Each structure stands twice: as C-alpha cells, then as structure tokens.
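Data first, discussion second: the structure below is written as structure tokens.
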Amino acid sequence: MHLRFSLSKWQVCAWAAGLLLSLPLAFLIFESFQPSAEVFDHLWQTVLWDYTANTILLIIGVALVSSLIALPLGWLVAYCDFPGKKHFEWALMLPLAMPAYIIAYIYTDLFDFAGPVQVWLRSLFGWQSAGEYWFFDIRTLPGAIIMIALVLYPYLYLIFKTALKEQSHKLIHASQLMGHSAVFSFFKVSLPLARGSIVAGLALISMEAMADFATVHYFAVSTLTTAVYDTWLGYYSLTAAAKISAVMLLILFLTLGAERFSRRNQHVFERQSVHNHGALYTLKGVKAYFSTGFCLLVLGLGFIIPVVILFSYAVQYFEQSWQSDFFIYAWQSLTLASIVSFCCVLIGLFVVYAQRLSDSPFKTIPGRIGSAGYALPGTVLAIAVLLPLTRLDEWVNHFADSSQWFSAPGLFFSGTIFALIVAYVVRFYAIAQGTIEASFARISPSLDMASASMGRTKGQTLRLIHLPLMHRGILTAGLLVFIECMKELPAALLLRPFDFETLATHVYQYVSDEHLELAAFSALLIVLVGLLPLYFVNSSMERTQSHE
Amino acid sequence: MKLKAMALLASLFSVSSLAADVVNIYSFRQPFLIEPILEEFTAQTGIQTKVVFAKSGLIERIKREGKHTPADVVLSSDFNTLLQLQESDLMQPIESELVKANVPSTFRADDGLWVALTKRARNVYSSKTRIGAMPTLRYEDLADIQFKGKLCTRSGKHPYNLGLVASMIAHHGEAETKKWLEGVKANLARKPQGNDRAQVKAIKEGLCDLALGNSYYFGKMIMDPEQKPWADAVHINFPNQQDRGAHINVSGVVMSKFTKNKANALKLIEFMTDNKAQNMYASLNMEYPVKAGVPLSELVASWGEFKEDSLPLTEVSKYRPVALKLMDEVKFDL
C-alpha cells in the first residue's frame, strides 16, 4: 500500500489562507498563556462567573427569540398565501441593516419613564410617579436580548425560508394525506429536514450576539465581551484579557463542534430538482389577519419605527447636525466595506473549493480555523490584529534601517487602513465562507467529474463550471459581509488611522454621549447603504429558486 | 478616473502626516469639547491638527506603536490616564517657561511629563423638590441608610467614579471604603447605567433623589434647551465643604517621546494653557481653568466658590487599582 501525503496547490493555498486568518488568534492564545495570575484570579473569584452566565444567557436568549421570530416567518412566507406576503418576503430582511446599538438607543428613549409611551400611560390612568405602576425596564439582559434578536433574526429567516422552498411540496402533501395538520407537518416534516440550515443560521446569530459590545455596554449588562474590555483597559492586563478571550473561543468551538456533530450523518450533496407550484396553504379570515399582523409587528419593531424616529431626529436637528463631512465618512465606509467584501469572497472561494477537491479527513480545518474570528468582539480583535502587525512593522522598519535601500515606512501595516481591513476580514470571513459553502454544496459532484473527464484542469472547472452556477451565492456572500462592515464599530474605533472616520464611528461618538439625534443622518445613511445590498441579496435568492 | 481612484486609495494607506505644519493628536476627550479650541489654534498659528478620538485603548495603541507612533500629543480626560501615560515611558517632559508660568505646580508633574488643563469637581446632585440643597453633604453620607433606593450613578468602573473611590481609600483606607461602597450599592435606585447627564435626567423623572456627576455637565445641560428642564430639577452640591473639600479630577495633556513635530506640539500645549484656550474651556465647556486669573464662566461662577480636596492627585491615583478591585469585589455594576 502506498500512502501519499502530497498536498495539491489548492490545499496549500487553503491552509495558507486559514493559517493567516487565524494568526491574530494564535497570537492572542499565545498571550493568554503568559502568567497573569493575580488579575485573572481576582476576576475568577469575584465577577467572572456572573459575566460567563450573562454571556451564555444572552446567547441562548438571542437564539431563542430569533427562532420564535424567524421560523414562523420563514414558514409563512415559504408555504402560505396571505395579504401582503409578496412585500413581506423581502421587507422582513430589512432589520439586518440596522445596527443593534441604534435600535437599543431608540427604544430606551421611547420606553423611558420620560419617554412618550410612559407619559401617555400616565396621562391615561392619572398616575403621578414611578412607584404607582409597574413598567418593564428595557436596560436589562432581557431588553438586550430582544434588541439584538430584532436585528439578527433575518439571518435565520433568510436561511430557513430558502431551505423550505427547496423542500418538495410532495412531502407536505404526503403528510396531509395522512391526515396531519399544518402545525404537525411543520414540526414533523419541515423542521427536521431544515435542521442543518437552522443550526447554521443560529450559529451565525450566536456568534454575533457573543461579540456584541455596544448594546450590552449601553444597557449596562456585563458579559465576557465587556469583561475583556475592562480587563484590558481597566486592569491594564492584556494577558488576563487574552485569557478571557480564550474562554470565549472555547465556547465558540464547543458550539460549532456540537453543530458539526449533530450533522455528522447528513450526506446531502445535491438536491433533486424541486418543482413547487403556488402556495401550500391559502390563509383566510383570522389566520390571514394574524399572519399579516405578525409580519407587520416584527417589521415595525425591527425597522419601520426606528427609521421613522431616526428620520424625525434628522429633520428636527438638521441645523446642528448637518456636516458636509458625511460624504467623506460615507466614501470611507464604502471603500472599506467593498475591499473587505472582495477579500472575504476571494479567500472563501479558494478555501471552500480546496475543501471540495480534497478527500483528506482534515480538509475542513483551514475553513474552520479561518472562521473563528467571527466570535471575537471587535475590541479583542483589534488587540489580536495589532499583535502580529506591529511585529511585522518592526521587522520591516528594522530591515529598512539596516539595508539602506529604502527609507523606513513607519507603521505601514498597523497604522493605516490596512490594519482595519485585516481586522474586518478576520471578523467577517466566516459569513462569506458559510454562504459560499452552501452554494458549492448545491452543485452536483458529477459535474466536476464530467469536467475532469473532458480534460479540464481544476482551475478551469472552477472558472467555467462553478462560478457561473454559483454567482448569486457569491454575490450574496459579498453583500452580507458588506452590510456587516458598514455596521462594525469597536475595531474601527481602536484601529482607525488619522483622518479616517466611518459612519459607524461617527454615529457612536454621539450615541456614547447619549446624543443620537445629532448623528441621525449618519445612522440613516448606514441603514440606507445597507438596504441596497439587501435588495440584491433577496432578488438573487428569488432568481436562484425560480431557476431550480 | 482610474488615476483619481488610485490616488484616493493611496491616501487611505498613507501612514501619517509628517508635514512641518501639523500636530497629530490622540484624544480621549470628545470632539465637540476639543474641536473649537483646535480650530482657534489653527486660526492663530496656521498649524493644522489631526486627531484620532477614542474613549479608551489609545494608551495600548501607543505602547504597541512604540517609537513609530504618529501621535505628537495625547489629550486625556482624567488624571489617571495622565499617570498611565507618564509611566508608559513613551512621553517626554514638556519644557516651557510659559507653561510653567500658566499652570500652578500642583497641576503639573515635577518632571514636566504631564500638564493639567482643566479641573472638574465630582458633585452630588439632589432633587429640588424632594430633597433640596445639601450644603453639608459628605460623600460618606451616600452610604447612609436614609438614602436607600434614592441614589443613581453611572458605572462604578468609569474613571470619574474610580477616581472618587480612590480618594476615599486615600482618606479612609481599603476596608472602610469597601464597607462604604457596599452601603452605596445598597442605596442604588437602579443598576449603574448611562452617563452623568442620564443621572440628572433620572432625578427629574423621579427615579432617584441623589446622583453623582461632574460639574461641567450641569452647565452643558443648562445650555441645551432640551436638557434644561433636567438641570432645573436639581441642586448642584459640593460635598465635604466642612472638612477636606470636594474631590476634583483634571483633564490634561502629554507629549510623545517620539514626536516628529516637537516645536508644533509644544506650541499647541502652550496655547492650551494660555488665556485664550483657558477662557474657551471655561466658557464653552463649563470647566474650571487651571490658569490663575482666568475668569470662570458666569454660569459656573454662579454655583459659588468651593473648597477642593487638597490631597495631591498623585497620592489619590495610587489607589486606583485597589478601587477597581473593590468595585469587582462588591459587584457594584452587577
């Protein structure tokens, strides 16, 4: 028997990409092994367990609330006919463009004791003081869970809706023939079949929730993310901060591992072509009203109300807040987001294709380690990125000083937009990889074989066969990364060079001083710039389905 | 078109401005506090300023950047940050007779490594209708059981609160301060949250009767038509007037050891300690100028003179790490 350990050039590229993407994390983990007993022990004995509990509750809560919103919505839109369905189908994705900390701010204002809702209630019932009635406090862990879920549920909605549309109606018809109700069929047929997609969507949502900083900080909910921040910038212990980050990474890998384990027996490479015509259920009467109402409620809370309030701020505070610099910030945000989306998609294509070509049991490792950055909060990521980049800068400058061929470039890597690009790519690569992986999975391996049998190289197969078949998936991957980049905040705050401001950092300066009204224009711009890509994502998905 | 795009991209990657007529600033202070003063500086000297604003993380960034840092000066919003910068070994003494003449020696380091620019007092706001003015209030009283459920504050880990707790440790020791902190926590009307303005708003709304806050926010709120009703609902009290005086903190400035624009950086620091900027700090930001003889804003003056805690800030700041540890031990924010 002849054992071969040779790696193709595709695998070499994939491993190189995966290792490079995980380099900042490797530095962080290395840092976490440095001794820092005192600070970490102190945190361990005092607050670390509370932080961990809050983090886990936050993740579970966001996943649960997102499921309660996204699964019924996905099912309604995929299988039912009801008034307004055509519009809801795409509109329900809009909250994705809304940064969580902005709706957190808006709803705090709305539901505060002095906010319009409580003022109205008091005038209605004649209450005078806060002691006379109970009203929920939005600045709490449950409040944070709802805010984050309201803007993250579209990930699950999008993935679940697509999965349902790819399931053949015949299965539901069979269930109906056996006398089962729609609800029974939903739980016994649709949900189990879409389980992989649901778990994938929930994994994305959980990682986003774990990484959230601005919302939980604003709501004074202490999580591991805020603990890392405190430890680094309060106790001045990078090592203890790195240790906490390592705990977060552990939670992440356990979550992802559980997801992989639960899908270990699924071997669905290709799907039969599905010919679904029309809706399965046509809702009438109460059911129709209820469905439309539910869609409107979610859309209203996650998008319409915040946008209307932002718009009214923008008009009301026009004179104090209008600056011509908006266009510069918008241009800088757009450039950054475009470069990052392009990089993420390109790397994703190489890594996933190499994974497809390989039959090694380790083939998925480059993609996995490359995706780990997604769970890291931007603040931690900023440290993690600076660690190797400043090292690199030192080498380059040292080399320049000693060689005399060229003058020392200064902080070319860590002090320019380069550091931001690296941080964003490390953070958002996971989104691109997931989407591209799903896209590749739909293409039958027999096409690869046919192509190879006609003498095409692997590169030609990718270019001529795969790319045309999956260009919508690629577009979706790029656009989702783009939207996340527009919203990203903590890494940008710490890594941006002189004269570089993104819309998000501009908005946050005012939000952190509780003056969102003065930055309402920029906040609206973030949302508007995110909307266009969302429209493309949705229409590309629609076309993908109609082509199948 | 292609060239233009290339030029724009190149500008994104340019390392930093090393031009002779520039000062690069890392600022912990917020843009709207600093920008008017920087604009005035540019108008007077022709020297451009470039700023990175961030509320935290800048020291860590300077440490990583080391000798390649583009920062010429760092503006800090509290005293502890000034000390951290001083200890980073990345700063150089500010050698200027003008600065020495402008700033009293208690408000600059002996070795010149930091210079304070403004003072602010940590006040207690009280509800006009439910409590009234409290001229004899002491910080120690905030732990008194009579205020159970009546106190509001921002996060215990905010530098302003850590400074106050450090001063309590300096005066009373760690054990007594911990007991005091537990009492303060037990008196809270709600979990620590929001900023200093939000606490005053909470008094107006009736959620609490007392709140900790910095003095200049009071002036800022009075000047904002929307927030004036909040400020109108409270008295501003200077604590411990019968004994050691109110706790004060300072904002300040340091100069990077590796500045490539030293002359300009020095000009900026001199400008910030001199009459024009000190006046602006007083009138626009409602802060207490460090330069003697610079008048307070009319509004700030109307709050009356008060006694400041005379314990040196360096002495207070020693206890900041212990203050942070105590915050975690009593789970103040949880």
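A few points about this structure:
- Euclidean distance of C-alpha centroids, the range B:146-177 and the range B:304-319, integer Å: 15
- Accessible surface of the protein assembly as shown [probe 1.4 Å, protein heavy atoms]: carbon and sulfur percent: 64
- Heavy-atom accessible area per residue - the protein assembly as shown, 1.4 Å, Å²: 42
- The range A:519-539 and the range A:386-453 have their alpha-carbon centroids 27 Å apart.
- Across peptide A:497-509, the average count of Cβ atoms from other chains found within 10 Å of a residue's Cβ is 4.
- Burial order of peptide ranges B:26-37, A:90-101 (average beta-carbon count within 10 Å, highest first): A:90-101, B:26-37
- Fraction of beta bridges assigned by DSSP in chain B that are antiparallel (%, nearest 5): 65
- Accessible area (Å², 1.4 Å probe, nearest 10) - residue B:297: 20
- Residues whose amide H lies under 5 Å from that of residue A:499, counting only those 5 or more places away or on a different chain, are B:51; hydrogens are built 1.01 Å from N in the peptide plane.
- Formal net charge of residues neighbouring residue A:465 (Cβ-Cβ distance under 11 Å; K, R +1; D, E -1): +2
- Three-way shape call for the range B:86-127 based on the alpha-carbon gyration tensor, with the a/c threshold at 1.5: oblate
- Anchor residue A:85: lysines whose Cα lies under 18 Å away (excluding residues fewer than 8 positions away in-chain): A:161, A:165, A:284, A:287
- When you restrict to C-alpha pairs under 8 Å that are six or more residues apart and normalise by the size of the range A:358-448, the relative contact order lands at 38 percent.
- Chymotrypsin sites (Phe, Trp or Tyr not before Pro) lying in DSSP loop within the range A:461-522, provided at most 14 other Cβ fall within 10 Å: none
- Buried accessible surface for the B/A chain pair comes to about 4700 Å², total over both chains, computed with a 1.4 Å probe.
- For residue A:486, net neighbour charge (Lys/Arg +1, Asp/Glu -1) across residues whose Cβ lies under 15 Å away: -1
- Relative contact order computed over chain A (Cα-Cα under 8 Å; 6+ residues apart), in percent: 24
- Accessible surface of residue A:286 - all protein chains present, 1.4 Å probe, nearest 10 Å²: 120
- With the charge dipole of chain A set up from +1 on Lys and Arg Cβ and -1 on Asp and Glu Cβ about the Cα centre, the Cα lying farthest toward the positive end among the listed residues A:176, A:135, A:235 is that of A:176.
- Solvent exposure, largest accessible area first (probe 1.4 Å, DNA, RNA and ligands not counted), of B:259, B:177, B:106, A:255: B:106, A:255, B:259, B:177
- Within the protein assembly as shown, DSSP assigns beta bridges of which about 60% are antiparallel (rounded to the nearest 5).
- Karplus 3J(HN,Hα) series, Hz, for the range B:225-237 with 6.51 cos²θ - 1.76 cosθ + 1.60 (x for Gly, Pro): x, 5, 9, 4, x, 5, 4, 5, 7, 10, 9, 9, 10
- When the Cα gyration tensor is reduced to axis lengths a ≥ b ≥ c, the ratio a/c is 1.5 or higher for the range B:193-260, and with a/b not above b/c it is classed as oblate.
- Prolate/oblate/rounded call for chain B, Cα gyration tensor, a/c under 1.5 rounded: prolate
- Solvent accessible area, Å² - residue A:230, 1.4 Å probe, full protein context: 40
- For the peptides B:62-72, A:289-299, residues were scored by their other Cβ atoms within 10 Å and the scores averaged per peptide; the highest-first order is B:62-72, A:289-299.
- Applying a 4.7 Å cutoff between beta carbons, the unpaired cysteines of the protein assembly as shown are A:13, A:80, A:295, A:343, A:344, A:485.
- Counting, for every residue in A:226-237, the Cβ atoms of other protein chains within 10 Å of its Cβ and taking the mean gives 4.
- Fraction of the pair-distance distribution of the protein assembly as shown above 52 Å, Cα-Cα pairs, percent: 19
- Of the peptides B:189-196, A:467-474, A:349-356, the order by per-residue mean of other Cβ atoms within 10 Å, starting with the highest, comes out as A:349-356, B:189-196, A:467-474.
- Burial here means at least 50 square angstrom less accessible surface with every protein chain in place than with the chain by itself, probed at 1.4 Å; in the range A:109-140 the buried residues are A:113, A:139.
- Solvent-accessible ranking of B:244, B:61, largest area first, probe 1.4 Å: B:244, B:61
- The mean number of Cβ atoms from other chains found within 10 Å of a Cβ in peptide B:322-333 is 4, as a whole number.
- Theoretical ellipticity at 222 nm over chain A - DSSP helices of four or more residues, -39500 (n - 2.57) apiece, nearest 500: -23000 deg cm²/dmol
- Radius 15 Å from Cβ of residue A:178, net charge of other residues (Lys, Arg +1; Asp, Glu -1): +2
The values are calculated or read from the model by the stated rules, or taken from the named source; none is laboratory data. Keep in mind that this is a model prediction, so the values were computed, not measured. Cβ atoms come from the backbone with ideal geometry, glycine included; neighbour counts cover every protein chain shown. Accessible surface areas use protein heavy atoms only, side chains included; no ligands, DNA or RNA. Shrake-Rupley method; radii C 1.70, N 1.55, O 1.52, S 1.80 Å.
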